[in-house]
Structure formats: structure tokens, C-alpha cells
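The values are calculated or read from the model by the stated rules, or taken from the named source; none is laboratory data. Just so you know, these numbers come straight off a predicted model, no measurement behind them. Here Cβ is always computed from backbone atoms with ideal geometry, including for glycine, and neighbour counts include all displayed protein chains. Surface areas here come from the heavy atoms of the whole protein model, side chains and all, with no ligands, DNA or RNA. Shrake-Rupley method; radii C 1.70, N 1.55, O 1.52, S 1.80 Å.
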Amino acid sequence: MHEIPLLENLRKKIPGLEKNWDRYTSMLKEKKVPAKTELIKRGAYTKNIFIVKKGCLRLKFEDKGRDITIAFFPENRAITSIHSYRGTYKDSQLSVESIEPTDLLILNGEDAEIIYRENEGVRDFLLEYVGERFDTYLNLFLSRIRDSPEQRYLNLIKEQPDIAARIPQHYIASFLGITPVSLSRIRNRIWKEQK
């Protein structure tokens, strides 16, 4: 199987994985999905872990007809329903959807448990990954409080230029907490200032 950096990093950081690497990678199932495919539905229970080989997923929340993008997961990122996985809630409070045609590796929960049991270091790696995600969400939360919509957009361009360039604008507007019309005005203003 063609390696992706996330898996290669996991393999290098946890020496015990090496001896069973072929068995572990055989647990990963490859799947191609078209754009707008819901992989995790709100209210559903899943322990599948999705790793993006090519394409992009988004984590979203729907509330009273509003579709709110919480995070983007492009290549080399992994996502699951943390609510389902930890047993915090019986079902997922959020949804995960493909934004563009996406190639995935999928690890089911039972196989993930085998890997965890056989390799103590995996839990530390995952704690580090979850800590990184927590920092990202905290920064997003604080940005919504202290930064103007324009500053939030400038932060996105600086921190995730690939996302800003390839993701449809209505998803970016949703992520920034503004309307697509407001985003268009901000982009025009920035473009004029750069001329």
C-alpha cells in the first residue's frame, strides 16, 4: 500500500509497529467517494477512522437549517466521530462529508482496538494528535471572539493557503462564521488593497 505521511510518521515514532506493519496496513480498506458523500451522519454511531489520501473532508454541524463548517481535513489527516469512539454520546453530534472526490483509507473500530492493545505507543501518538486538534479548535473559538471576519480570513490564507484556494467559498464562509456575500466583499477589499 502506498504510504502517506501520517502513517509513515506513526510507523517511525512507534518501533513496535514495524514487526506487524503488513498485517496492520491490511486492516485499512481503500475507498473512493464522490463529493458531497456523508461518511458520518449526525445521530449515527460509528467507530470508523477515516484517513484522507487524496481529497478533502469537512466536519460540520447542522442547526435549525444552518450548515456550519467546523474543520477541514485535507490529505494526510484522520478523523472519526470522537463522540461515538469515546462513548461520550451513543451517536455522533457532528457530520463528516467529502467536499471533493476523495480517496480514503478506513480503519474499523475493532481493528483499531487490536492495534492499540498490541502497541502502547499508539495511544500516546493519538493523544498528541487529539491535543493538536484541541489547540486548533481553541484557536478557532478565540478567533471568533477577538478577530474581525477579515482577520479570520487572512489567518486562514496564512495558515491553510491550500484550503483557501481549493475549497468552495460557501464552505469557507461557513467556517469563518460569515455569509458568502460578506466573504466576497472581504476578498474584493483585500484584492484591491494588494493592487
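Taking H as built 1.01 Å from N, whose amide H comes closer than 5 Å to the amide H of residue 67, not counting residues under 5 places away?
none
Give the value in nm², to one decimal: projected area of the alpha carbon convex hull of segment 147-194, averaged over all directions. Numbers along the way, then the final one.
Values: hull surface 12.2 nm².
Orientation-averaged projected area of the Cα hull: 3.1 nm².
With N residues in the chain, what two-decimal value do you get for its Cα radius of gyration over 2.2 N^0.38 Å?
On the way: Rg = 18.1 Å, N = 195, 2.2 N^0.38 = 16.3 Å.
Cα Rg divided by the expected 2.2 N^0.38 Å: 1.11.
Quick one: pull the percent of accessible area on segment 5-145 belonging to carbon and sulfur, 1.4 Å probe, ligands and nucleic acids left out.
On the way: 4330 of 7940 Å².
That share works out to 55 percent.
Looking at 126, 136, 184, which one has the Cα that reaches farthest to the positive end of the dipole of the chain (charges on Cβ: Lys, Arg +1; Asp, Glu -1)?
The listed residue farthest towards the positive side: 184.
Roll a 1.4 Å probe over the protein chains and send me the accessible area per residue for segment 147-194 in Å².
On the way: 2850 Å² over 48 residues.
Here the residues of segment 147-194 average 59 Å² of exposed surface.
Would you calculate a helix-derived [θ] at 222 nm for the chain, using -39,500 (n - 2.57) for each DSSP H run of n ≥ 4 and dividing by the full residue count, to the nearest 500? Walk me through the intermediate numbers first.
Values: 9 runs with 97 residues, N = 195.
Computed ellipticity for the chain at 222 nm equals -15000 deg cm²/dmol.
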